[in-house]
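Asker: Below you'll find the structure I mean.
The values are calculated or read from the model by the stated rules, or taken from the named source; none is laboratory data. The structure displayed is predicted, hence computed values, not measured ones. No Cβ is skipped: glycine too gets one built from the backbone with ideal geometry, and neighbour counts run over all protein chains shown.
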Amino acid sequence: MKNSKRVISRKKTIPVRVGKIIVGGGFPISVQTMWKEPLEKIDNSLIERINTLSNLGCDILRFSVPRIETAEILGNLAGVVSLPLVADIHFDYRIALRILDFPISKLRINPGNIENPQKIEEIIKKAMDRDVSIRVGINGGSLPRKFKAEKSKAIAMIKAAEEEMEILEKHNFKNVIFSLKSSDIQSTIDANLEFSERYNYPLHIGLTEAGPLPQGTVKSVLAIGEILKSGVGDTIRVSLSSKPEDEIIVGKEIIRSIIYKGKGINLVSCPMCGRATFDVHGFLDKIGKYVNSLNNKDLTIAVMGCIVNGPGEAKTADIGITGAGNSVIIFKKGKMVKKTTAKNAVEDFIDELRRG
């Protein structure tokens, strides 16, 4: 999220560089997502979609890397896109070593999963040499067996994080981001707030397996919102059973609403009813990509569908549109600036947005 107007006072953690992004250190909260399909080749459609995610406000993009071959594809991809890319690796130290031959921005590993101290040391030394950060991801659903007897899942997650921390600190590796996530809202909140009390490492926050778009959004708002309101959290991911684009849009809206108190793009739209004769839903689908790319503006946009509430809401927005039948009116700052038709509404509205 690129808007710099903060309202909530945040804890200033250790700054950790992830490519061109600084996580922690009081820098703006970054929004990230994860690629949802196997990475098999680099082509124009892949690069275009990554660029689309960046334009939507994605700051960091993570890929699962289960094989050496995937590491090589991701490594080559990191050299042709500007978005910081993260390699998510488990168990096989060789994959971590291979990906570090490329301009990758971060590793997501748990050193304890690798077990062999010599192999862990190899990864840490190479990450230090390449100035690549590491995220330690603690998941409440896959805790080591020895911590599962803990009555509090939050405490169990913290103990698991501390075990990983001990390995890294033994090698004087401090370029680390931690995440403590669960599918349980309260455990996630408790773990992150308690960890923040104890340590100064930056935190990546979110719920694991939050669910599909409606349910996952609600649960993520409750968990991430509560943590952010406490001044904790340096980067977020909304883990939805949905497209990466949806994760970015929801994540940006959480930050806009909680941290920046409504600064940014505030999109007001009517739900539609039997009175509506202007296709609000279709119009929003068509302007969504452009509107969601407006990352540096403070703007209220109103899209309304009938003559009852439409003109009033449209007039109070920075820019608004409402229609009845084929007649469509565009307002700016309470004044009508253009009459158009339903057919030309999208093009005319985006033209007015571009004019500012």
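Asker: Going through region 316-341 one residue at a time, which ones are surrounded by fewer than 18 Cβ atoms within 10 Å (Cβ to Cβ), within 27 Å of Gly274 (Cβ to Cβ) and under 34 Å from the mean Cα position of the chain (by Cα)?
Answerer: Result: Thr316, single match.
Asker: Looking only at region 275-300, which residues are under 18 Å from Ala342 (Cβ atoms), β-branched (Val, Ile, Thr) and at pLDDT 90 or above?
Answerer: Val280, Ile287
Asker: Still on this structure, I have one more. Condition check: on the phi > 0 side of the Ramachandran plot and at pLDDT below 85. Does Lys315 satisfy that? Walk me through how you get there before you give the answer.
Answerer: On the way: on the phi > 0 side of the Ramachandran plot: no; at pLDDT below 85: yes.
Considered against the rule, which asks whether it is on the phi > 0 side of the Ramachandran plot and at pLDDT below 85, Lys315 comes out as no.
Asker: So how many residues does region 180-210 have that are touching a Phe, Trp or Tyr at 6+ places or on another chain (Cβ under 9 Å) and part of a loop (DSSP other than H, G, I, E, B)?
Answerer: Summing the residues that are touching a Phe, Trp or Tyr at 6+ places or on another chain (Cβ under 9 Å) and part of a loop (DSSP other than H, G, I, E, B) in region 180-210 gives 3.
Asker: Among the residues that make up region 242-259, is at least one of them in contact with an Asp or Glu (Cβ under 6 Å, 6 or more places away or on another chain), under 19 Å from Met34 (Cα atoms) and among the aliphatic types (A, V, I, L, M)?
Answerer: no
Asker: Tell me, yes or no, whether region 333-346 has at least one residue that is part of a helix (DSSP H, G or I), at pLDDT 85 or above, in the same structural domain as Pro271 (by TED's automatic domain parsing) and of a type in the set (A, V, I, L, M, F, W, C).
Answerer: yes
Asker: Identify all residues within region 9-36 that are farther than 18 Å from Pro84 by Cα and buried (at least 18 other Cβ atoms within 10 Å of the Cβ); write none if there are none.
Answerer: Residues satisfying the conditions are Arg10, Thr13.
Asker: Does Asn292 count as surrounded by 19 or more Cβ atoms within 10 Å (Cβ to Cβ) and not assigned by TED's automatic domain parsing to the domain that holds Gly57?
Answerer: yes
Asker: Can you say whether Ile177 is of a type in the set (A, V, I, L, M, F, W, C), outside any helix (DSSP H, G or I) and touching a residue at least 60 places away in the same chain (Cβ under 8 Å), as far as the supplied structure shows?
Answerer: Yes; evaluated as a whole, the condition is true for this residue.
Asker: For region 140-151, does any single residue satisfy the condition of being under 25 Å from the mean Cα position of the chain (by Cα), more than 24 Å from Thr188 (Cα to Cα) and surrounded by fewer than 16 Cβ atoms within 10 Å (Cβ to Cβ)?
Answerer: no
Asker: Continuing with this model, one more query. Between Leu240, Leu284, which is under 20 Å from Thr52 (Cα atoms), of a type outside the set (Val, Ile, Thr) and assigned by TED's automatic domain parsing to the domain that holds Ile330?
Answerer: Leu284
Asker: Another one. Within region 267-324, work out how many residues are part of a strand (DSSP E or B) and over 21 Å from Ser257 (Cα atoms).
Answerer: Count: 4.
Each row is one residue, and each column tells you yes or no for (1) assigned to a loop (DSSP other than H, G, I, E, B); (2) in contact (Cβ under 8 Å) with a residue 12 or more places away in the chain; (3) in the same structural domain as Glu164 (by TED's automatic domain parsing).
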position	(1), (2), (3)
Ile95	no, yes, yes
Phe102	yes, yes, yes
Leu107	no, yes, yes
Gly112	no, yes, yes
Glu115	yes, no, yes
Gln118	no, no, yes
Lys125	no, yes, yes
Gly137	no, yes, yes
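Asker: Give Ala71, Ala78 a once-over and let me know the one that is assigned by TED's automatic domain parsing to the domain that holds Glu245 and out of contact with any helix residue (DSSP H, G or I) (no Cβ under 8 Å at 6 or more places or on another chain).
Answerer: Ala78
Asker: Only residues that are surrounded by fewer than 16 Cβ atoms within 10 Å (Cβ to Cβ) and at pLDDT 95 or above: list them for region 74-102, please. Quick ask: steps written out before the conclusion?
Answerer: Narrowing region 74-102 to residues surrounded by fewer than 16 Cβ atoms within 10 Å (Cβ to Cβ): 76, 79-80, 82, 91, 94, 101.
Correct list: Asn76, Gly79, Val80, Ser82, Arg94, Asp101.
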